[in-house]
Amino acid sequence: MRAALQLAQSGYKTAVITKVFPTRSHTVSAQGGITCAIASADPNDDWRWHMYDTVKGSDYIGDQDAIEYMCSVGPEAVFELEHMGLPFSRTEEGRIYQRPFGGQSKNYGEGGQAARTCAAADRTGHALLHTLYQGNMKNETVFFNEWYATDLVKNQDGAVVGVIAICMETGETVYIKSKATVFATGGAGRIYASTTNAHINTGDGIGMALRAGFPVQDIEMWQFHPTGIAGAGVLVTEGCRGEGGYLINKDGERFMERYAPNAKDLAGRDVVARSMVLEIIEGRGCGPEGDHVFLKLDHLGEEVLESRLPGICELSRTFAHADPVKEPIPVVPTCHYMMGGIPTNVHGQALTIDASGRDQVIPGLYACGEVACVSVHGANRLGGNSLLDLVVFGRASGLHIERALREGIDMRDASDSDIEQAMSRLDKLNSSKGGENVAALRKELQNTMQNHFGVFRNETFMREGIAKLADLRGRIEGARLDDKSMAYNTARIEALELHNLFEVAEATAITAEERRESRGAHARDDYQERDDENWLCHSMYFPTDKRVGKRAVNFEPKTVDTFQPKARTY
Amino acid sequence: MLQVSIYRYNPETDAEPYMQDVQVDTGGKDLMVLDVMELIKAQDTTVAYRRSCREGVCGSDGVNMNGKNGLACITPLSETVRDNKLVLRPLPGLPVIRDLVVDMGMFYAQYEKVQPYLQNTSPAPAIERLQSPEDRAKLDGLYECILCACCSTACPSFWWNPDRFIGPAGLLQAYRFLADTRDTATEERLSRLDDPFSVFRCHGIQNCVNVCPKGLNPTRAIGHIRNMLLSRAT
């Protein structure tokens, strides 16, 4: 929506195709904030410190040119949101309120914890998404609400010239032709059985890109958020720990003091998630099954909780039956974010690799937000950086398309056979007979990913997982669609979504097995060390031959010195 | 086994809507209503409803449960089921597309009518516009609306005049911008609302307050708008 806003503001004919009404996208669930050095909490804050933290957080496979761009342009993008009306919480001086978040430091890790995450209470994503929709409304962007994009249309030159989309209300299917197609389709957390992600997070953009033969980058990197409510999977913001909450095991011990003596509960999310799993494995988990730990907040007092974390109090009472004012919340690491995605440059242009190993722009295709891998998150995203990512690179994509349109985009029209090709999956589903039940297959897929590609990974387990996925492919492609009706047929949409989930899962599995090291969110029992000699690089998964290649990480920021890889401790 | 009675209508196959009885095995757990809907859909894929975040922030799954509007994902069975029976109907007062899916067009149109975006004619500063915590607090209880339509579709005035009465959700957002110290279009906003229908069809029934899943109070916001309009007139 940020990209659409950019184009609509400049008077270009812009349409947003969305499978849910725009304010129902998953950004709405982001709680804690948008991390950005706007120098409100600390007048001396510096975007370069934020850049350092982000590079370190990424375990050094974040691209430094992209991180530099995000952190330096960030303040402008955040102020624009404020000017658009985003109801940020405020400081006594009237400036935007910033809270401490994990992995944020002052003075390149030397100056202690930084408060850099701009917040609207604990509903920042909701406030941001509504503000962006409102901005688009003001600028008369056209919305195709509850239209579902099924596949990319490529012309004979391999350029992207639009998408096939279904109107969910009527079942009508059309080819929507476009000079520039921007994917902002979000993540795919639903490949796991336990996830903070919404039902709609089915990796539609990744599925479409892979089916079109385009590669994905660092797709093995999945963030498990330390604090999902045990059982329900619902997210509890890191802002809880930012405001002073901490994790305890069954003995009441604040165990993060052992794993990360300096940052403690505000170490990187990967570090905290692994520590929690180790506590549970070693028998210090809480509850009758010992399968979770507790997030303690009651010491913050009712006033702080109700003013800074009202949404969390509500969620905890509803889903954990625990009132944070009085008792701790049962939490467990839960799949949260896809660091990998469609590789792009800082302008949001999607990339592939040519025969000689060089980056090549895919004409007509852009990606931004979680579906993209620009890459600012590398192997582990810092809290509050996803909202910044989507705003900064949505804006950058819009700016680049604006320029390109001004200069003139000249692409050949899609031929009938190009369109037929893009329609083929839908046609096959619509004429399907027999096959297995979609919900059952989805569950099997999610359990496979949960059991074989979770917080800790090893070769034996992953190979078993890959074999199970190989068996699932044919079964999922042949899944049954009983209901062939046209009007608001959610069964058809769910079948198409399952195809996308599978594509993401398979790419994740094959790439995870290939990366023989531990880095960021990718933790292997059998290769416990980070291997900078062989793996200080992006992985690239090529769908046509299911091959995993490597792509160099950018270590050449334009205005600051390179941050050299070093041991990552908190 | 929980007895569920669910509203069914497929425009392609059904001449008129009907109620279908389904038995659902909840395993004795106090599930959310959305979980029950998922269990029903696992048996019968033709059942249609909207859902996304399943944590009460996206506003997709507003439905009528045993006569009361609410979000299926954050309504536990214990809160709504009586005598082991759950009746699921689409939100009342809007055209039904299929089963529990309603056409929200009229609801969104009323939202758009209030121009729900910040308007400020002064040039934007290089940093954020300053706002005191006290002024910001005026937006609490307003900006949190998730546009689920539970309130407007529980409002008899909106049922009667969905084209002319803005309805509680739209008016809550109208007041959200009237109350924002950063917005300079107060006069224009009030002028657009100053007719017998847009605001004054609210009769203070407070169904909106009663059903809002976010605990917001549209009636109070409407009262504020009413006062602003009246004090302007005198």
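The values are calculated or read from the model by the stated rules, or taken from the named source; none is laboratory data. The shown structure was predicted, so the numbers you read here are calculated from the model rather than taken from an experiment. Note: ideal-geometry Cβ built from the backbone for every residue, glycine included; neighbour counts use all protein chains shown.
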Study note, to complete from the structure: Residues of the stretch A:187-212 being assigned to a helix (DSSP H, G or I) and among the aliphatic types (A, V, I, L, M), in sequence order, are A:Ile191, A:Ile206, A:Met208, A:Ala209, A:Leu210
Point to revise | Test for B:Glu134: is it within 12 Å of chain A (Cβ to nearest Cβ), farther than 30 Å from B:Ser52 by Cα and surrounded by 24 or more Cβ atoms within 10 Å (Cβ to Cβ) | key: no
Review point. Can you name the residue in the stretch A:303-356 that is hydroxyl-bearing (Ser, Thr, Tyr) and more than 23 Å from A:Gly32 (Cα to Cα) and, of all such residues, is farthest from the other protein chains (Cβ to nearest Cβ)?
Key: A:Ser356
Point to revise | In the stretch B:46-78, the residues that are part of a loop (DSSP other than H, G, I, E, B) and either at pLDDT below 95 or of a type in the set (A, V, I, L, M) (or both) | key: B:Val47, B:Ala48, B:Val57
Check your understanding: With respect to A:Glu529, is the statement that it is touching a strand residue (DSSP E or B) at 6+ places or on another chain (Cβ under 8 Å), away from chain B (no Cβ under 14 Å), charged (D, E, K, R) and part of a loop (DSSP other than H, G, I, E, B) true?
Key -> no
Check your understanding: Residues of the stretch B:137-159 being loosely packed, with under 15 Cβ neighbours inside 10 Å and farther than 22 Å from A:Val78 by Cβ, which ones?
Key -> B:Pro156
Practice item. Being away from chain A (no Cβ under 12 Å) and part of a loop (DSSP other than H, G, I, E, B) is the filter; apply it to the stretch B:79-92 and report the residue that is surrounded by the most Cβ atoms within 10 Å (Cβ to Cβ). Key: B:Leu91
Check your understanding: From A:Ala165, A:Ala114, A:Ala120, A:Ala149, which residue is crowded, with 18+ Cβ neighbours inside 10 Å, over 28 Å from A:Leu496 (Cβ atoms) and more than 13 Å from chain B (Cβ to nearest Cβ)?
Key -> A:Ala114
Check your understanding: Looking at the stretch A:42-53, is at least one residue of a type outside the set (A, V, I, L, M), more than 20 Å from the chain's Cα centre (by Cα), within 14 Å of chain B (Cβ to nearest Cβ) and not in a helix (DSSP H, G or I)?
Key -> yes
Check your understanding: Hey, among B:Asp35, B:Asp44, B:Asp61, which residue is surrounded by fewer than 24 Cβ atoms within 10 Å (Cβ to Cβ), in contact with a Cys (Cβ under 9 Å, 6 or more places away or on another chain) and more than 7 Å from chain A (Cβ to nearest Cβ)?
Key -> B:Asp35
Practice item. Restrict the check to the stretch A:307-330 and report whether at least one residue is assigned to a loop (DSSP other than H, G, I, E, B) and closer than 30 Å to A:Asp63 by Cβ. Key: no
Review point. Which condition number does A:Ser485 fail, the rest of (1) in contact (Cβ under 8 Å) with a residue 24 or more places away in the chain; (2) away from chain B (no Cβ under 14 Å); (3) surrounded by fewer than 20 Cβ atoms within 10 Å (Cβ to Cβ); (4) among the polar types (S, T, N, Q) being met?
Key: (2)
Check your understanding: Are any of the residues in the stretch A:509-521 loosely packed, with under 15 Cβ neighbours inside 10 Å, more than 14 Å from chain B (Cβ to nearest Cβ) and either among the hydroxyl-bearing types (Ser, Thr, Tyr) or free of Cβ contacts under 8 Å to residues at least 12 places away in the same chain (or both)?
Key -> no
Point to revise | Tally of residues being among the hydroxyl-bearing types (Ser, Thr, Tyr), away from every other protein chain (no Cβ under 14 Å) and either closer than 26 Å to A:Leu399 by Cβ or surrounded by fewer than 19 Cβ atoms within 10 Å (Cβ to Cβ) (or both) across the stretch A:60-111 | key: 3
Exercise for review: Have a look at B:Ala179, B:Ala185, B:Ala233 and point out the one that is out of contact with any strand residue (DSSP E or B) (no Cβ under 6 Å at 6 or more places or on another chain), more than 27 Å from B:Cys53 (Cα to Cα) and more than 14 Å from every other protein chain (Cβ to nearest Cβ).
Suggested key: B:Ala233
Point to revise | Residue in the stretch B:93-107 that is in contact (Cβ under 8 Å) with a residue 60 or more places away in the chain, charged (D, E, K, R), out of contact with any Asp or Glu (no Cβ under 7 Å at 6 or more places or on another chain) and away from chain A (no Cβ under 11 Å) present | key: no
Practice item. Report whether or not A:Lys138 is more than 23 Å from B:Val114 (Cβ to Cβ), at pLDDT 95 or above and surrounded by fewer than 22 Cβ atoms within 10 Å (Cβ to Cβ). Key: no
Exercise for review: Write out, first by first residue and then by second, each pair whose Cβ atoms fall under 9 Å of each other, whose residues are 6+ apart or on separate chains, and whose first residue, in the stretch A:171-185, is touching a residue at least 60 places away in the same chain (Cβ under 8 Å) and at positive phi while the second is of a type outside the set (Gly, Ala, Ser) and buried (at least 17 other Cβ atoms within 10 Å of the Cβ).
Suggested key: A:Gly171/A:Met486; A:Gly171/A:Tyr488; A:Gly171/A:Asn489; A:Gly171/A:Arg492
Practice item. Only residues in the stretch A:3-31 that are more than 20 Å from A:Leu387 (Cα to Cα) and facing chain B (nearest Cβ under 10 Å) count as the first member; pair them with residues that are small (Gly, Ala, Ser) and part of a loop (DSSP other than H, G, I, E, B), Cβ under 8 angstrom, at least 6 apart or cross-chain, and list the lot. Key: none
Revision key, fill the gap. Conditions (1) surrounded by fewer than 16 Cβ atoms within 10 Å (Cβ to Cβ); (2) at positive phi; (3) at pLDDT 95 or above -> A:Lys264 fails only (1)
Review point. Only one residue in A:Gly301, A:Gly364 is buried (at least 24 other Cβ atoms within 10 Å of the Cβ) and either outside any helix (DSSP H, G or I) or at pLDDT 95 or above (or both). Which one?
Key: A:Gly364
Study note, to complete from the structure: Flagged in the stretch A:532-550 as crowded, with 16+ Cβ neighbours inside 10 Å and part of a helix (DSSP H, G or I), in numbering order, are A:Trp535
Point to revise | Output for the stretch B:1-32, where each listed residue is under 23 Å from A:Ser485 (Cα atoms) and facing chain A (nearest Cβ under 9 Å) | key: B:Asn10, B:Pro11, B:Glu12, B:Thr13
**Study point:** strands (runs of 3 or more DSSP E) (entirely within the stretch A:64-161) containing at least 2 residues that are of a type in the set (A, V, I, L, M, F, W, C)
**Key:** A:113-118, A:142-145, A:147-154
Check your understanding: Of all residues in the stretch A:213-255, which are in a strand (DSSP E or B) and within 14 Å of chain B (Cβ to nearest Cβ)?
Key -> A:His225, A:Thr227, A:Gly228, A:Ile229, A:Leu235
Exercise for review: Would you tally the residues in the stretch B:183-215 being over 30 Å from B:Arg129 (Cβ atoms) and outside any helix (DSSP H, G or I)?
Suggested key: 11
Check your understanding: within 10 Å of another protein chain (Cβ to nearest Cβ), among the hydrophobic types (A, V, I, L, M, F, W, C) and closer than 30 Å to B:Leu190 by Cα, is that true of B:Leu118?
Key -> yes
Point to revise | Which numbered condition B:Thr219 misses (of (1) modelled with pLDDT of 95 or more; (2) more than 19 Å from the chain's Cα centre (by Cα)) | key: (2)
